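Only the coordinates and a few stated rules stand behind these numbers; no lab work does. As the structure is a computational prediction, the values presented were derived from the model and not from experiment. Virtual Cβ from ideal backbone geometry, glycine too; neighbours counted across all protein chains shown.
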Amino acid sequence: MTAIASHVGQTRGRHATGNDLVGDKGKANSVAVGKSCTINVTFKPKTTGIKHANVSISDDSAGSPQLVSLSGKGFGHVASNAAVRSAISKNRIATVPIPTGPSKVGTRLMDLLDSTRNDPYLANGTKRELLVRFWYPAALSQGCRPAEYTSPKVWSHFSRLAGVPLPEVRTNSCLDAAMTKGVHPVIVFTHGYTGTFTDYSFLFEDQVNRNP
């Protein structure tokens, strides 16, 4: 919230209404002109579907209280069903898509560090780090060393989030294989916030496999 009046804004309190909205009622505080304050509200749906709620902010303006309408959508937990959990625990090796083209696929990891910039998400001065994964048409003169889908630590963390041991996922890529000579098209892709680069492994294996 930002104060835009010609005087200091005085908030007397705030209140969230809605069974699926959790927020502190807040305390009175002053907001200088042009300055902002943060109001934290957490969406915790008890059932699936679209939910609506309001945040009411009481202040010293003529239009008080200020109402902010919020909406969100509740989803069911993917592994909450007993039958789903049982099926996941019994199938120890996941079935994955096979590339549809003729080429072999190589993959490698590169850990990049920008020594000139601090990590914006850490306050301890750690420099900005970026882990990049490449997929490319491979020239195999020797055997293929299968690449991991993801590290054991990451997969263990996902298992804890799902509440069930996840099956092994085997890729179609050869780790650190030599690249096929020649000029190749380049696709730059980001998986987005909360995602990992392994989420799209099979999409890019197929892209490389069909477009050497």
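Candidate cross-link partners of residue 181 among the aspartates and glutamates, defined by an alpha-carbon separation under 12 Å and a same-chain spacing of 8 or more, are absent.
Taking the Cα centre of each part, how many Å lie between the stretch 135-196 and the stretch 64-134? Centre-to-centre (Cα) distance: 13 Å. With neighbours defined as other Cβ atoms within 10 Å of a residue's Cβ, the residues 210, 133 order from fewest to most as 210, 133.
Overall shape of the stretch 82-210 was characterised from the C-alpha gyration tensor. The equivalent ellipsoid obtained from it has semi-axes of 26, 26, 12 Å, in decreasing order.
Phi-derived couplings, Karplus 6.51 cos²θ - 1.76 cosθ + 1.60 at θ = phi - 60°, listed residue by residue for the stretch 98-103: 9, x, 9, x, x, 8 Hz, with x used for Gly and Pro.
Derived scalar couplings between HN and Hα for the stretch 156-166 equal 5, 5, 4, 4, 5, 5, 7, x, 7, x, 7 Hz in order, rounded to whole Hz, by the Karplus curve 6.51 cos²θ - 1.76 cosθ + 1.60 (θ = phi - 60°), x for Gly and Pro.
Note on 194, 107: ascending count of other Cβ atoms within 10 Å places them as 194, 107, the fewest first. Arranged from fewest to most other beta-carbon atoms within 10 Å of their beta carbon, 170, 160 become 160, 170.
About its Cα centre, the stretch 150-212 has a charge dipole of approximately 60 debye under the convention of +1 per Lys or Arg Cβ and -1 per Asp or Glu Cβ, with nothing else charged.
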